[in-house]
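Novice: Just dropping this structure here.
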């Protein structure tokens, strides 16, 4: 039962496990052997069956992880004292006896599980931090003196029969005579009273049967379920042209929909759903496509009611399965765009997902939702005409919705749109929002890539957020995990090894999508084989869904090192070395995915999290760079340790923030000092900062915060796309390893584990960090810096960054395409020492220079003169004053621009002494003087796109606004 930890305990985390890794099979006993739920029992594990060291345990600190079922062995019961998968509760720790080399734990089921009516308990033994499958196999014990054993067929099994065949049901019970009642499809067909054994044969079975054997002894009732599926007369008929895998809605008839399933090696497929009361007959057996070499099944559903939500599953049958694989798999549609889950849906707040369809009673595992006659979302012109920010100007704000706001949903982001606008970021990147296992997760444990995870809200609410972002010039990027999928994924389950018959397992040798073992050294979940045509088609469908249906502007591809087939564990030189070296198959397939994205949207952002060698990354960064529009894949560039050294007050070399240092023809490095995956700068400042100067002790909060503005200056302004992790702009100082209980467990602790994936607190809103002077200054400074980057053309130029390790970054930026009367040269200086320093400058030439943070002038006669800069401070000098960088953005709250978007003209709600219109590149394209409130600003000659409007009031107050020319 490989996935039971996820399924029955509603975990919020995902467990990273090596594909094919064998769990330790421990020897155990439960005493007494039979017991009631109110009795104390002792679980004993033989120590010689456990290799602690393989789990990183050296002090016998092992823990019980538990779950329970009702008397029918189907419904989860209770809330055991487990803690979290990464930090087990101390109340679940085993006691070790060195004399007998045993681990023991005594519990009373009703107390420990906080439940009654328990029919079976399940448990395993694990390290305190179970990440990486540091656990035993799943163990079980029946509860109660009265027990029933279904001897034939096996409990929860499915028997495949020819029409007209028979089946025999046999069972026994303990503790004396009992009464038996056999039901088929809910109707009693045989009873037997006062017996300890049972046998019945049903003959001439012609329809699918859901059996339930109800056994009663006194007041105790136990139910055992099993199924018979009758082989249908499968029709072979050519599938209509134009149908895609998944649901195909009829654009002219809302009473129809056609389902398509690609199922190689399968003999027949039923469609069971709410439209046939989950009891499909021959009319719901899918037709087999007659097209030569086709492995697809299809079925047209009729009689559907427009606007009604239906749910369904496929019953996929292999009459002669290979050893260890199931004959029948009941699964949701692999191409589902909305699934209902028996494990997760109860934890979704009604305010987040109003009117969520109920999971169908009596079913198991995910089901797909089908609904005809859906009204398409009404996108505004801002989205249909959206012009994405240039790649070189991107400032991406990475967000984990779960940890951004206490409400943890799309509405939270909508409510905070002004926060993003005032920070001036031009893109928001959402960590994975595709349907994943559990609710509170980072999202990389994806199970359905085309479906939106309901824990964050509805599809329309996400679209509302995207549309709102586009109205404010902000692109939306999705983080996608297409290296792998987790065990609930239908394409895993349809071709899986499942020797214990629990309905969960890893890919079998027949699986046409997944490897049986990972072909790289970064195994997560189940490893997709990207050389398989079906996998490539699936990935393209995922791309198409999010680009066309949700108007997503770009993808950040997670773990692209895993897209190779060349690095099995047996590879010469080692799997890690192979995975990290150049792999031509990986380069080619990822280019093909980028090409497909660009075929749908030529300006689509493609971003790879490769974090590998420059040689391979160059292939992507320079790919199709000369085309119009210029392409090239952006690469994540981790610079966390380098910038953290500076923020802490230690020497560092940050030159690899420059794209050219990695051999990229254009600026395609999305460099960052923080992402979701690294320790927070401020936390390390406070823990390990330079404290040699008591007047500027980096370990004190105020001092540590005062250094973060400089980090923004020497990172965000380096030409090329850049990224911010949420709340770095407020000096977030909680460790990435902060646990749910507020303690910190870092990843160096081999025994106690870490809390990296735990849900984080919300002090930024509770304590209103924006009003805190020290934190608010970072936000304001970074906003000014971002405006400089996104509006001044000089930052499209080239950069010189000395490749040395020191405390005084010296960054020179020039754009040779600009004239000397424009801002064409910038010099950025910083002092990350803990004392004031005379910093060496190296101005490109003498003359008047301007501090671009306030446009204050500085006369330079000696280009090598030093400048005194306080500890932790910075300077940004330009040969001209900034046109837009120091404008007051929030000064005139009552000033409005309308209509927006505008086709031929716009108006302002107040008089103005001057109005200037700038392109996204910072070029002045129109000027209007001495206008009144009734004046129409003609813009019919401007190309479509996003523009900045600079309004100068009669009292000289300035406000910047945006409008879209349609």
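Novice: For residue 178, indicate whether it is within 29 Å of residue 232 (Cα to Cα) and modelled with pLDDT of 95 or more.
Specialist: Numbers: within 29 Å of residue 232 (Cα to Cα): no; modelled with pLDDT of 95 or more: yes.
Taking the combined requirement at face value, the residue does not satisfy it.
Novice: A further question follows. Under 22 Å from residue 286 (Cβ atoms), touching a strand residue (DSSP E or B) at 6+ places or on another chain (Cβ under 8 Å) and surrounded by fewer than 20 Cβ atoms within 10 Å (Cβ to Cβ) - does that describe any residue in the stretch 337-347? It would help to see each step written out before you state the result.
Specialist: Within the stretch 337-347, the subset under 22 Å from residue 286 (Cβ atoms) is 337-340.
From what's left, touching a strand residue (DSSP E or B) at 6+ places or on another chain (Cβ under 8 Å): 337-340.
Checking which are surrounded by fewer than 20 Cβ atoms within 10 Å (Cβ to Cβ) leaves us with 337.
Yes, some residue in the stretch 337-347 is under 22 Å from residue 286 (Cβ atoms), touching a strand residue (DSSP E or B) at 6+ places or on another chain (Cβ under 8 Å) and surrounded by fewer than 20 Cβ atoms within 10 Å (Cβ to Cβ).
Novice: Can I ask one more? When residue 787 is evaluated against the numbered criteria (1) assigned to a loop (DSSP other than H, G, I, E, B); (2) at pLDDT 95 or above, which criterion, by number, is the only one it fails?
Specialist: Single failed check for residue 787: (1).
Novice: Taking residue 126 as the residue in question, decide whether it is surrounded by 18 or more Cβ atoms within 10 Å (Cβ to Cβ), in the same structural domain as residue 33 (by the TED database) and modelled with pLDDT under 90.
Specialist: Values: surrounded by 18 or more Cβ atoms within 10 Å (Cβ to Cβ): yes; in the same structural domain as residue 33 (by the TED database): yes; modelled with pLDDT under 90: no.
No: the conditions fail for residue 126.
Novice: Continuing with this model, one more query. Please verify whether the stretch 558-567 includes one or more residues that are surrounded by fewer than 18 Cβ atoms within 10 Å (Cβ to Cβ), over 12 Å from residue 483 (Cα atoms) and modelled with pLDDT of 95 or more. It would help to see each step written out before you state the result.
Specialist: Filtering the stretch 558-567 for residues surrounded by fewer than 18 Cβ atoms within 10 Å (Cβ to Cβ) gives 565-566.
Now drop any that are not over 12 Å from residue 483 (Cα atoms), which leaves 566.
Still in the running and modelled with pLDDT of 95 or more: 566.
Yes.
Novice: OK, next. Please specify each residue of the stretch 669-686 satisfying the condition of being farther than 17 Å from residue 832 by Cβ and over 23 Å from the mean Cα position of the chain (by Cα). Before the answer, list the steps.
Specialist: To start, the set of residues in the stretch 669-686 that are farther than 17 Å from residue 832 by Cβ comprises 669-672, 675-680, 683.
Matches in the stretch 669-686: 683 only.
Novice: Give 66, 33 a once-over and let me know the one that is touching a helix residue (DSSP H, G or I) at 6+ places or on another chain (Cβ under 9 Å), under 29 Å from residue 117 (Cα atoms), outside any helix (DSSP H, G or I) and in the same structural domain as residue 113 (by the TED database).
Specialist: On the way: 33 fails: touching a helix residue (DSSP H, G or I) at 6+ places or on another chain (Cβ under 9 Å).
Only one candidate passes the filter, namely 66.
Novice: May I pose another question? Please work out if residue 618 is over 28 Å from the mean Cα position of the chain (by Cα) and either buried (at least 23 other Cβ atoms within 10 Å of the Cβ) or at negative phi (or both). Walk me through it before giving the result.
Specialist: On the way: over 28 Å from the mean Cα position of the chain (by Cα): no; either buried (at least 23 other Cβ atoms within 10 Å of the Cβ) or at negative phi (or both): yes.
No; evaluated as a whole, the condition is false for this residue.
Novice: Can you tell me which residues in the stretch 257-278 are surrounded by fewer than 16 Cβ atoms within 10 Å (Cβ to Cβ) and touching a residue at least 24 places away in the same chain (Cβ under 8 Å)?
Specialist: Correct list: 264 only.
Novice: I'd like to verify a number: residues in the stretch 273-291 that are in a helix (DSSP H, G or I) and out of contact with any strand residue (DSSP E or B) (no Cβ under 7 Å at 6 or more places or on another chain), how many?
Specialist: Pass one, the stretch 273-291, residues in a helix (DSSP H, G or I): 274-276, 282-284.
Those left that are additionally out of contact with any strand residue (DSSP E or B) (no Cβ under 7 Å at 6 or more places or on another chain): 276, 282-283.
Selection size over the stretch 273-291: 3.
Novice: Let me ask another. Which ones in the stretch 415-438 are over 22 Å from residue 545 (Cβ atoms) and either surrounded by fewer than 23 Cβ atoms within 10 Å (Cβ to Cβ) or touching a helix residue (DSSP H, G or I) at 6+ places or on another chain (Cβ under 6 Å) (or both)?
Specialist: Scanning the stretch 415-438 gives 415, 416, 417, 418, 419, 420, 421, 422, 423, 424, 426.
Novice: Which of the helices (runs of 4 or more DSSP H) found entirely inside the stretch 573-633 contain at least 2 residues meeting this: touching a residue at least 12 places away in the same chain (Cβ under 8 Å) and closer than 16 Å to residue 482 by Cα?
Specialist: Numbers: elements: 575-580, 584-600, 614-621.
The helices (runs of 4 or more DSSP H) meeting that bar are 584-600.
For every residue, the table says whether it meets (1) touching a residue at least 60 places away in the same chain (Cβ under 8 Å); (2) crowded, with 18+ Cβ neighbours inside 10 Å.
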site: 144; (1), (2): yes, yes
site: 150; (1), (2): yes, yes
site: 155; (1), (2): yes, yes
site: 169; (1), (2): no, yes
site: 180; (1), (2): no, yes
site: 185; (1), (2): yes, no
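Novice: Among the strands (runs of 3 or more DSSP E) confined wholly to the stretch 384-451, which include 2 or more residues that are closer than 30 Å to residue 903 by Cβ and in contact with a strand residue (DSSP E or B) (Cβ under 9 Å, 6 or more places away or on another chain)?
Specialist: Values: elements: 395-399, 427-430, 434-436.
Hits in the stretch 384-451: 427-430.
Novice: Quick check on my filter: what residues within the stretch 513-536 are touching a residue at least 60 places away in the same chain (Cβ under 8 Å), farther than 15 Å from residue 579 by Cα and more than 21 Å from the chain's Cα centre (by Cα)? I'd like the intermediate steps shown before the answer.
Specialist: Going through the stretch 513-536, the residues touching a residue at least 60 places away in the same chain (Cβ under 8 Å) turn out to be 515-518, 523-527, 534.
Now drop any that are not farther than 15 Å from residue 579 by Cα, which leaves 515-516, 525-526, 534.
Of everything in the stretch 513-536, those that are touching a residue at least 60 places away in the same chain (Cβ under 8 Å), farther than 15 Å from residue 579 by Cα and more than 21 Å from the chain's Cα centre (by Cα) turn out to be 515, 516, 534.
Novice: Could you list, in sequence order, the residues of the stretch 73-110 that are in a loop (DSSP other than H, G, I, E, B), more than 30 Å from residue 223 (Cβ to Cβ) and in contact with a helix residue (DSSP H, G or I) (Cβ under 6 Å, 6 or more places away or on another chain)? Explain how you work it out, then say what you get.
Specialist: Residues of the stretch 73-110 that are in a loop (DSSP other than H, G, I, E, B), as a first pass: 73-75, 77-82, 84-87, 89, 94, 98-101, 108.
With more than 30 Å from residue 223 (Cβ to Cβ) added as a condition, the list becomes 84-87, 89, 94, 98-101.
Across the stretch 73-110, the qualifying residue is only 101.
Novice: If you don't mind, there's one more thing I want to ask. Restricting attention to the stretch 122-141, which residues are in contact (Cβ under 8 Å) with a residue 24 or more places away in the chain and either in a strand (DSSP E or B) or at positive phi (or both)?
Specialist: Narrowing the stretch 122-141 to residues in contact (Cβ under 8 Å) with a residue 24 or more places away in the chain: 122-139, 141.
Once the filter is applied, which keeps residues that are in contact (Cβ under 8 Å) with a residue 24 or more places away in the chain and either in a strand (DSSP E or B) or at positive phi (or both), the stretch 122-141 yields 122, 123, 124, 125, 126, 127, 132, 133, 135, 136, 139, 141.
Novice: If you scan the stretch 655-684, which residues turn out to be in a helix (DSSP H, G or I), in contact (Cβ under 8 Å) with a residue 40 or more places away in the chain, under 28 Å from residue 800 (Cβ atoms) and touching a helix residue (DSSP H, G or I) at 6+ places or on another chain (Cβ under 8 Å)?
Specialist: Going through the stretch 655-684, the residues in a helix (DSSP H, G or I) turn out to be 655-657, 659-662, 681-684.
Next, from what is left, pick out any that are in contact (Cβ under 8 Å) with a residue 40 or more places away in the chain: 655, 657, 659-662, 681-684.
Those left that are additionally under 28 Å from residue 800 (Cβ atoms): 655, 657, 659-662, 681.
655, 657, 659, 661, 662, 681 - these are the residues of the stretch 655-684 that are in a helix (DSSP H, G or I), in contact (Cβ under 8 Å) with a residue 40 or more places away in the chain, under 28 Å from residue 800 (Cβ atoms) and touching a helix residue (DSSP H, G or I) at 6+ places or on another chain (Cβ under 8 Å).
Novice: Of all the residues that make up the stretch 202-220, how many are surrounded by 17 or more Cβ atoms within 10 Å (Cβ to Cβ) and more than 48 Å from the chain's Cα centre (by Cα)?
Specialist: Looking only at that region, the number is 2.
Novice: Report whether or not residue 773 is surrounded by fewer than 19 Cβ atoms within 10 Å (Cβ to Cβ) and closer than 28 Å to residue 677 by Cβ. Talk me through it step by step, then tell me what you get.
Specialist: Working: surrounded by fewer than 19 Cβ atoms within 10 Å (Cβ to Cβ): yes; closer than 28 Å to residue 677 by Cβ: no.
It is false that residue 773 is surrounded by fewer than 19 Cβ atoms within 10 Å (Cβ to Cβ) and closer than 28 Å to residue 677 by Cβ.
The values are calculated or read from the model by the stated rules, or taken from the named source; none is laboratory data. Remember, it's a predicted structure, so these values are computed and weren't measured experimentally. Every residue, glycine among them, receives a Cβ derived from its backbone with ideal geometry; neighbour counts consider all protein chains shown.
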